[in-house]
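Single-structure report; data block below.
What follows draws every value from the coordinates through simple rules; no lab data is involved. These numbers were taken from a predicted model, which means no experiment stands behind them. Quick reminder, even Gly has a Cβ in these numbers, built from the backbone with ideal geometry, and neighbours come from all protein chains shown.
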């Protein structure tokens, strides 16, 4: 896992633990049947599920159990299904275990409001649950929900106020959003069995587009804005830690359907732990992301879905036992998430966790240079550290580079398909709106001895023509940032790019992913292409066989540079 320092327990140790427990559990099946509302079906035995974390010290005194699940909504496609089946019926298969926990929490996506309440925001994906949703979730056993996410303002301040009020009537606590900055960022303190558990919620996902300000004094979400400065959470977490025995931080973040956390997720999670978090729980990608133990604290980067109108994907529940000293242990509970969530079998849970953030055979590849040219080195490889999803509004940190040559590096960020240059925290350059910047890399691609940014830009050459891809080189010349080389439309669409010295001549090559015209991203026709600067443009030096590649990076392999091409 990129970004995990040497003081942390490696992810591999966790995966080995899961494999060992999974092997021991083969054949141990979950016997729970779908339950009707009010059914007395006993909950499954959580000790049969994979043990993901256990601290060295045994529990001291009283303990409490906390069940955490991921994205939850009765909205959109679930509305007619819930109307036909009843909300209680949809929750019934998982309710016995939820009710057995001392505290149960999820991430609620969208609003709970009657038709006509609030102002529906622009965009295709706006989630509204009927007014009985909060009461149904309370009957199922839920105690808290985080509202810090990209859907809590789908219907403006009116929708958020309605959501908070319905949860309040159902005696479910909420956090991470509110009518003021103060109550949006305020921690919630719960006490069970004499143990005080403190909750904080944040979102890093930018939607709807009236963001960061939200609606001051009416509807606010608790933001971690990595686009500006995410370190503001540190004093907030330190202050919240002093309020109780256990501090759980919930964060809405990451790229949808990507099973590996991004570098910036890792940085934020580690900052939260260093500030005092006892447990970090993530959601938004709608799939399970990797897990980690950092400085003795468990981090789940994404639990995936619990109740959501998407095809069934494996989800994850966390069953945590806590005492006054913190988290004692955590079991991972597999979920068959979707329209009718059910707990999965323990053995299959272990298998799903083993496959998280692991490329499938043949899906990724390593390519390297030798005296005979470029060749494929390996069939599989780790996930690239740089993975930008252009349809996601979350900022992509390209990195730092000294463009001016004054010894002070500038910060390069892509957000909303526009590239920005920052100096001392101030934005000093931004690409024009007509350019859709979908990737960028730092280096000296034109081999002039100065650092530049090479951007992958989609744009129209003429108003009535389709958009095409162009590699542009951005540098500092004559006292300003400007494009110092602009390539014509490429014959085939480019999907991603990076730069690196592959052959050891101290000159950077340009590496791109190229797909066939008309093909979608990650189509099996994608090829890795290496290009070199010829004095006025780039000339192709080599191309790989085709594959379903989605990201590309240059990594160090046994002391030599190698191209890492990873599937989507």
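So what's the Cα pair-distance distribution over the stretch 246-327, bin width 5 Å, in %?
Once binned at 5 Å, the Cα pair distances of the stretch 246-327 give 3, 15, 28, 23, 16, 9, 4, 1.
What length, rounded to one decimal in nm, is gained on full extension from residue 189 through to residue 120, with 0.36 nm per residue of separation minus their alpha-carbon distance?
21.6 nm
Dividing the alpha-carbon Rg of the stretch 222-291 by 2.2 N^0.38 Å yields what?
1.10
Restricting to Cα pairs below 8 Å that are 6+ residues apart, what does the relative contact order work out to for the stretch 365-567? Please round to a whole percent.
17 percent
So what's Rg/Rh here for the stretch 411-517, counting alpha carbon atoms and using the Kirkwood radius for Rh?
0.97
Let's test this: bin the Cα-Cα distances of the stretch 365-567 at 10 Å from zero up to the farthest pair and state each bin's percent.
9, 36, 38, 15, 2
If you count, for each residue, the other Cβ atoms within 10 Å and average over each peptide, how do 344-353, 51-60, 525-534 line up from highest to lowest?
344-353, 525-534, 51-60
I'd like to compare 277-286, 430-439: which one has the highest average count of other Cβ atoms within 10 Å, and what's the full order after that?
277-286, 430-439
Please express the Cα-Cα pair-distance distribution P(r) of the stretch 58-131 as a list of whole percents, one per 5 Å bin, running from 0 to the bin with the greatest distance.
P(r) over the stretch 58-131, rounded to whole percents: 3, 13, 18, 21, 16, 11, 7, 5, 3, 2, 1.
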